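Bear in mind that the values in this text are calculations on the coordinates, not laboratory data. Computed from a prediction, not measured in an experiment: that's the story for all the values here. Heads up, the Cβs are rebuilt from the backbone with ideal geometry, glycines too, and the neighbour counts pull from every protein chain shown.
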Amino acid sequence: MIANIINEVLFGYRYAFDDCADLIDYVESFNKMIAGIATSKLFPLGILFPAIRHVPIIGWHAVEKHRATVRKNSDYILRNVTKALQSYDAEGEPTNFVHAYKQRMHSNEYLDEDNLIATCADFFSAGQETTTTTLRWAMLFLAKNQLAQEKLREEVHRVIGFDRLPSLDDKNKMLYTQATIHEIQRLANILRTNVPRKTHKPTVLAGQTIPAGTAIHADIHYVLWNDPLFVNPREFHPERYIAEDGKILRKELVDRTIAFSLGKRACAGEGLARVELFLALTATVQHYRILPVATATIDLTQQEKPIGFPIEQMLRLECVM
């Protein structure tokens, strides 16, 4: 579902349920690559010490075999970018990201088609798995916390009802839903750190000089699970985000929920991811009650991999009438 949404935003079309073999192949190939990287002991060394890539056999296992999957996935992106560019109308309003990018290319010398292809690949690779994983955590948290789930469903039914799908226009009317999504992202904590950045000049931070060329990153994990403002941080408690008057969110907590990292170099897909999470979560609880399998206990143990995946486990959905 998430991959299909990203596909529509980028390229302007959505796959039908019974005709999505290309998209499934892309997603499965990408997931296989992520799983391979997560279990590889050589991949981190290949990144830290690039010379390892040139060592026979070791270099292949460290990096090159993953590059083969990247090339395969890049072919999917290239085909779709080419297809979308063929339908571009310079006189019309852009209907997808590729068209909007092409329109800007005429007035910005730094934008070109190579950059467009790389940007589309970034949106897919960074957005598909992270948002899907967050939704997997959402299902587990709500299955384990039935009272919170019922409060969420009550707000969904009160604002949206049963007879239409949620829309982004509903979001500002749904305080508890916003608080729940913040709490899901905080407690899921799927990225311990964001992709490292690099200082381009000496920088002074809190009295310490950081030399040019230093790799830096935000410690997302520490803030989400250890900031003293998050009382009992390992508990699922959406109400923590709601102010005492019950009318607004607590800005000091929202600002510390840095699931997308910090600053101008934070996740470029934050806006899209927030839309996906809101629409997918509200549409699910609108019509289904998320429950554990009979006699089973929800396991909220996080796997220590590049992405904080939950333990795979069965849940059941009960239709809400």
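If you compute Rg and Dmax of the Cα atoms in Å for the structure shown, which of (1) 20.2, 64; (2) 19.5, 61; (3) 21.5, 65 do you land on?
Answer by label: (3).
Say we join alpha carbon atoms closer than 10 Å with springs in a Gaussian network model of the chain; which of ASP19, ASP299, ASP170 then has the biggest fluctuation?
Maximum fluctuation in the GNM of the chain, among the listed residues, is at ASP19.
Sorting CYS319, CYS20, CYS120 on the 10 Å Cβ count, fewest up front, what's the list? Please report the intermediate quantities before stating the final value.
Working: CYS319 7, CYS20 16, CYS120 25.
Fewest-to-most Cβ neighbours within 10 Å comes out as CYS319, CYS20, CYS120.
With the Cα gyration tensor of the range 174-321 in hand, convert its eigenvalues to equivalent ellipsoid semi-axes via √(5λ) and list them largest first in whole Å. Can you show the working numbers first?
Values: eigenvalues 214, 71, 45 Å².
Here the semi-axes work out to 33, 19, 15 Å.
At most 14 other Cβ atoms within 10 Å and a DSSP loop assignment: could you name the GluC sites (Glu not before Pro) in the range 234-321 that fit? Before the final figure, lay out each step's value.
On the way: sites: GLU235, GLU239, GLU244, GLU252, GLU270, GLU276, GLU304, GLU312, GLU318; in loops: GLU235, GLU244, GLU304, GLU312.
Here the sparse-neighbourhood loop sites are GLU235, GLU244, GLU304, GLU312.
Within 10 Å, count the other beta carbons around each residue, average over each peptide in 221-227, 79-85, 185-191, 211-217, and list them highest first.
Top to bottom by mean Cβ count within 10 Å: 185-191, 79-85, 221-227, 211-217.
Going down the list LYS151/LYS247; LYS32/LYS72; LYS201/LYS264; LYS32/LYS65, which pairs span over 21 Å between their C-alpha atoms?
Values: LYS151/LYS247 16 Å; LYS32/LYS72 12 Å; LYS201/LYS264 16 Å; LYS32/LYS65 12 Å.
As for pairs spanning more than 21 Å Cα to Cα, there are none.
Rounded, prolate or oblate: which fits the range 231-273, taking a ≥ b ≥ c as square roots of the Cα gyration tensor eigenvalues, rounded meaning a/c under 1.5, else prolate when a/b beats b/c?
Details: a/c = 2.41, a/b = 1.78, b/c = 1.36.
Prolate, because a/c is 1.5 or more and a/b exceeds b/c.
With each pseudo-label sitting 7 Å past Cα toward Cβ, what's the LEU262-ILE210 distance in nm, one decimal?
Those two pseudo-labels are separated by 0.8 nm.
Can you sort THR203, THR130 from fewest to most other Cβ atoms within 10 Å of each residue's own Cβ?
THR203, THR130
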